[in-house]
1. Quick check: from the Cα gyration tensor, does region 242-299 come out rounded (a/c under 1.5), prolate or oblate?
2. Under the rule of at least 5 residues apart or a separate chain, name every residue whose amide H is placed under 5 Å from the amide H of VAL177.
3. Shape of region 121-227 from its Cα gyration tensor (a ≥ b ≥ c, root eigenvalues): rounded if a/c is under 1.5, otherwise prolate when a/b > b/c, or oblate?
4. Sorted from fewest to most neighbouring beta carbons within 10 Å, what does the list VAL95, VAL204, VAL72 look like?
5. Return the inverse of the average 1/r over all pairs of distinct C-alpha atoms in region 172-246, which is the Kirkwood hydrodynamic radius, in Å to one decimal.
6. Report the GluC sites (Glu not before Pro) located in region 166-244 that are in a DSSP loop and have at most 10 other Cβ atoms inside 10 Å of their Cβ, or state none.
7. Placing unit charges on C-beta atoms (Lys and Arg positive, Asp and Glu negative, everything else neutral), compute the dipole magnitude of region 154-279 about its Cα centre in debye, rounded to 20.
8. Kindly provide the helix-only [θ] at 222 nm of the chain, computed as the sum of -39,500 (n - 2.57) over DSSP H runs of four or more divided by all residues, to the nearest 500 deg cm²/dmol?
Amino acid sequence: MARVVLVHGIAQQFQGPELLSLRLAAAARDGVRLSSGLALEPADVACAFYGHAFVEPGTRAGDWPAWDEHDVEEGLEAELLDAWWRRATEVDDGVAPLNQAGTRGFAGYTGSRLLRTRWVRERLEALAHARFFQPVAKRLLVSELKQVRRYLDEPPIWQAARAAVAAEISEDTRVVVAHSLGSVVAYEALCENPGWPVTDLVTVGSPLGLPLIHRRLSPLPVQGRGAWPGGVVRWTNVADPGDIVALVASLAMRFAPGPVGEVDDRTLTNGVRMHDFERYLTAPKTATAIAAGLREMSA
């Protein structure tokens with residue numbers, strides 16, 4: 001069984017575990033070998049797949065709703081859209097900065113449907129042209145907002161996602177590497193299963209520190225700090241400063257310390273593909289964290 005389990009992020013609903021493993025597992029093996037000299041076999045790396053949980057049975061891309069600014073819901077979806085836009089204005093010169101009116105939160109427009117729609121449309125259009133997302137249609141952005149909200153709010157979704165992780169964990173598994181929303185899935189699954197043999201958690205491009213995500217975690221944070229994830233010994237968090245999903249790049253002060261200390265926060269540059277899981281996996285700062293857990297297993 002797999003020694004390393006990868007957990008993907010959002011927008012993978014039309015993929016599958018074998019298809020994702022072709023590139024993601026290969027990237028992980030390449031990264032570990034090039035950074036540490038440790039050679040992994042194909043069977044050593046598995047991909048926990050939960051993208052199908054967001055697709056209605058019997059449907060594929062042709063049945064995907066044509067979402068637009070009218071479909072972004074108040075609450076988490078609007079808050080996350082605003083957070084992404086604000087961060088994009090800080091790291092991308094191509095995204096127009098907020099004007100005085102734009103600084104108002106979504107709640108400020110709840111009395112006018114027209115103004116609310118305009119508020120959302122401005123943000124969707126700006127992000128659709130950001131380097132981080134380009135090229136992307138507005139309905140894709142809305143879909144990603146909805147996947148985050150559905151995972152956090154709908155029990156069948158988070159249950160299916162965590163079960164997908166559990167299905168790949170075996171007595172041989174020592175390292176879990178989780179990307180984007182997958183880092184939330186992996187974190188909560190590890191908290192639920194402190195008896196798992198996993199010693200090392202590696203999160204990349206993670207939104208775990210974003211307040212609107214952090215305060216909804218299971219288990220709930222206590223006095224502003226999240227729980228340490230189960231039986232994990234070491235937790236390494238890797239973020240590209242240009243990755244707008246990893247809005248809060250440092251997790252050390254947002255989670256309780258573990259057996260050997262706080263979260264090890266690391267930064268890197270993924271070039272123009274700031275949020276790309278493959279680039280995170282092949283990066284030495286990620287790969288050395290994976291290798292460390294595997295070497296402990298061999299010691």
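1. Numbers: a/c = 3.30, a/b = 1.23, b/c = 2.69.
Oblate is the answer for region 242-299, as a/c is 1.5 or above yet b/c matches or exceeds a/b.
2. Under 5 Å from the amide H of VAL177: VAL5, LEU6, VAL7, VAL202.
3. Values: a/c = 2.10, a/b = 1.80, b/c = 1.17.
Prolate, because a/c is 1.5 or more and a/b exceeds b/c.
4. Numbers: VAL95 22, VAL204 31, VAL72 26.
Listing VAL95, VAL204, VAL72 from fewest to most nearby Cβ atoms yields VAL95, VAL72, VAL204.
5. Working: mean 1/r = 0.0804 Å⁻¹.
Computed over region 172-246, the radius equals 12.4 Å.
6. Values: sites: GLU168, GLU171, GLU188, GLU192; in loops: GLU171.
Hits after loop and neighbour filter: GLU171.
7. On the way: 10 positive and 14 negative charges, 73 e Å.
About 340 debye.
8. On the way: 9 runs with 119 residues, N = 299.
Value at 222 nm, helices only: -12500 deg cm²/dmol.
Laboratory data are not the source of any read-out in this text; all were calculated from the coordinates shown. Just so it is clear, the structure is predicted and the values come from calculations on it, not from any experiment. Counting neighbours? That spans all protein chains shown, and the Cβs are built from the backbone with ideal geometry, glycine included.
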